[in-house]
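Visitor: I'd like to ask some things about the structure below.
The values are calculated or read from the model by the stated rules, or taken from the named source; none is laboratory data. Just so we're clear, the structure is a prediction, and the values are computed from it rather than from any experiment. Every residue, glycine as well, gets a Cβ built from its backbone with ideal geometry; the counts of neighbours run over all protein chains shown.
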Amino acid sequence: MEFELQLVEKITENESIIYLVENKDALRHCKLGKEEKHYVIEKYRDDEKHFFAFNRLAYYQIIIFAKTRGSIHDRFEFMRKEGDKTATFLGRNKQQSVTIKGINISQAMTAAFAEGLILGNYRFDHYKTGKKPDSLNTIRITANSFTAEGFNELKALMEAVYHCRDLVNAPFQELQATEFAKRISDFCRPLGVKAEILNKSQIASLKMAGLIAVNKGSSNEPAFTRLEWCPQDRKNQKPIILVGKGIVFDTGGLSLKPPSAMEDMKSDMAGGAAVFAAIYAIAKTKLPVYVIGLIPATDNQPGNNALAPGDIITMSNNVNVEVINTDAEGRLILADALIYASKFDPSLVIDIATLTGSATRAIGKYGIVAVESNARKQMSTLKKAGDEVYERIAQFPFWDEYDKEIESEIADIRNIGKSINAGAITAAKFLSRFISYPWIHLDIAGMAFMEKKESYPGSGASGVGVRLLYNFVKKMANG
Ligand code: BES
Ligand code: MG
Ligand code: ZN
């Protein structure tokens, strides 16, 4: 889906306008009658009402009070949610464009509101014929509340999240691995990102045994995409590497999923899409950071020559993996990418994946399960980045005792834990057998795909990880 975002000098006449304010003094800059103003002041004071809309026949005049108490993160999130509510209100009332004007309020607060409005306004509707669901098509922000730089960043980031959601929402029938690789490369190349797609024979010659094994039951080719953003003015010599799981559809393979668990499995490339989209935003805003994205992609199918439970595969670091369950496929393809990453001598590798149902069972849809190895400081920066964008990190224990869970009787390791407990952790333990650098693992299974809309994450793909990774890399650029 596309949207139009503009930075404007003046308010457009006869068009809906949203005033963002922090206190009643700001109301004198809003075009309100005396009685209206009284009403607003009273309701805000007595009923803690924050949202006011006045019907001006063909358009609306909206006033939103920011939250002035609570933690800064909660206050930003409040604004995003108000943005989402406003998008719903304007859509329902057939408004196609709106201008946002902040009055004595910080640019960051205005940006949070705009984010909620834009993300809440997202629709995946190109398969709908006839009348499309109501939504805004043009959003303007007045220059008094925004710098050009801030505006460009907001625009790049929102575009990135839209691209990510479009990819994750795209049905498997439309987006096989090679198509996925092609689309993300095509989006990136015009921005000066070097994009290389490895095909099946290149993947085989690199001995990416995990990706080859998972792809065996499929009649579609796998693809491994490498995105490189290496600007002249980079602050870091060793790259930060982002690795994203790109399972374009997960049937479970021969360890077939039941229908209800398979329904949303077109979204099993959400980690890969987030890595692409974060790099898209990084390149679009020209962050001075050397970043590489690695995205192994295939579907996981129970076809003809499929990988079978009990098969043992030899990874390119010579670790033999006994595949107990072919539905634990994400870790197999991520392992290849993690081994491959070491070639670049990275300062940090972050992988992001819809890896386990266990992560969802542990913390639901409100956070990202994470573990870290040799990257304590970076993890604390990532948590800060997550709190700011409200893609929050829940760090799990990573004790040595869990290693026992993936010991194999006949090979080096098994691809699932022996007990059903702590599945998100044992999955991470598996991955840790393939790293040789500071590392952070993110399991986004709970947040990537929403059953129903609650607020700006919407229904379907949420685009989780894009704002988080972008904000993290930006922090790394600033030292
Ligand atoms: N893609 C799934 C994990 C998943 C489940 C993501 C639900 C999003 C929503 C992954 O490949 C998988 O199937 N994991 C198995 C692992 C198990 C076999 C150890 C799982 O979590 O059930
Ligand atoms: Mg699976
Ligand atoms: Zn999967």
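Visitor: Picking from I313, I240, I333, which residue would you name as being within 13 Å of ligand 1 (Cβ to nearest atom) and of a type in the set (V, I, T)?
Guide: Only one candidate qualifies: I333.
Visitor: Hey, another quick one. If you go through the stretch 427-447 one residue at a time, do you hit one that is within 16 Å of ligand 3 (Cβ to nearest atom) and among the acidic types (D, E)?
Guide: yes
Visitor: Which count do you get for residues in the stretch 172-196 that are surrounded by fewer than 23 Cβ atoms within 10 Å (Cβ to Cβ), aromatic (F, W, Y) and in a helix (DSSP H, G or I)?
Guide: Within the stretch 172-196, residues that are surrounded by fewer than 23 Cβ atoms within 10 Å (Cβ to Cβ), aromatic (F, W, Y) and in a helix (DSSP H, G or I) number 1.
Visitor: Return the only residue of L20, L32 being among the aliphatic types (A, V, I, L, M), over 22 Å from M109 (Cα atoms) and not in a helix (DSSP H, G or I).
Guide: Going through L20, L32 in turn, just one is among the aliphatic types (A, V, I, L, M), over 22 Å from M109 (Cα atoms) and not in a helix (DSSP H, G or I): L32.
Visitor: Further question on the same structure: Here's a check for you: in the stretch 341-371, which residue that is buried (at least 22 other Cβ atoms within 10 Å of the Cβ) and not aliphatic (A, V, I, L, M) is farthest from ligand 3 (Cβ to nearest atom)? Spell out the reasoning first.
Guide: At the first step, the residues of the stretch 341-371 found to be buried (at least 22 other Cβ atoms within 10 Å of the Cβ) are 341, 346, 348-356, 359, 368-371.
With not aliphatic (A, V, I, L, M) added as a condition, the list becomes 346, 351, 354, 356.
Numbers: P346: 24, D351: 13, T354: 6, T356: 9 Å.
By that ranking, first place goes to P346.
Visitor: Taking the options K34, K67, name whichever one is of a type outside the set (S, T, Y) and closer than 25 Å to Y390 by Cα. Show your work before the answer.
Guide: Numbers: K34 fails: closer than 25 Å to Y390 by Cα.
Only one candidate passes the filter, namely K67.
Visitor: Ok, one more. Those residues that are touching an Asp or Glu at 6+ places or on another chain (Cβ under 9 Å) and buried (at least 24 other Cβ atoms within 10 Å of the Cβ), I need them from the stretch 446-456; list them, please.
Guide: M447, A448, F449, Y456
Visitor: Any residue that is farther than 30 Å from M450 by Cα, under 22 Å from the mean Cα position of the chain (by Cα) and either assigned to a helix (DSSP H, G or I) or among the polar types (S, T, N, Q) (or both) - is there at least one of those in the stretch 157-171?
Guide: For the stretch 157-171, residues farther than 30 Å from M450 by Cα, under 22 Å from the mean Cα position of the chain (by Cα) and either assigned to a helix (DSSP H, G or I) or among the polar types (S, T, N, Q) (or both): absent.
Visitor: From V243, V248, V289, V275, which residue is touching a strand residue (DSSP E or B) at 6+ places or on another chain (Cβ under 7 Å), within 16 Å of ligand 2 (Cβ to nearest atom) and aliphatic (A, V, I, L, M)?
Guide: V248
Visitor: Let me ask something additional. What number goes with the only condition from (1) within 16 Å of ligand 2 (Cβ to nearest atom); (2) without any contact (Cβ under 8 Å) to a residue 12 or more places away in the chain that T360 does not pass?
Guide: Looking at each condition in turn, T360 falls short on (2).
Visitor: Considering the stretch 368-427 alone, what residues qualify as being part of a strand (DSSP E or B), more than 16 Å from H441 (Cα to Cα) and of a type in the set (V, I, T)?
Guide: I413
This table checks each residue for (1) at pLDDT 95 or above; (2) over 28 Å from S408 (Cα atoms); (3) within 15 Å of ligand 1 (Cβ to nearest atom).
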residue: L256; (1), (2), (3): yes, no, yes
residue: P259; (1), (2), (3): yes, yes, yes
residue: M265; (1), (2), (3): yes, yes, yes
residue: F276; (1), (2), (3): yes, yes, no
residue: G293; (1), (2), (3): yes, yes, no
residue: A297; (1), (2), (3): yes, no, yes
residue: P302; (1), (2), (3): yes, no, yes
residue: L307; (1), (2), (3): yes, no, yes
residue: N318; (1), (2), (3): yes, no, no
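Visitor: Further, regarding this structure: So which residues in the stretch 250-283 are in contact (Cβ under 8 Å) with a residue 12 or more places away in the chain and in a loop (DSSP other than H, G, I, E, B)?
Guide: Within the stretch 250-283, T251, G252, G253, L254, S255, L256, K257, D264, D268, M269 qualify.
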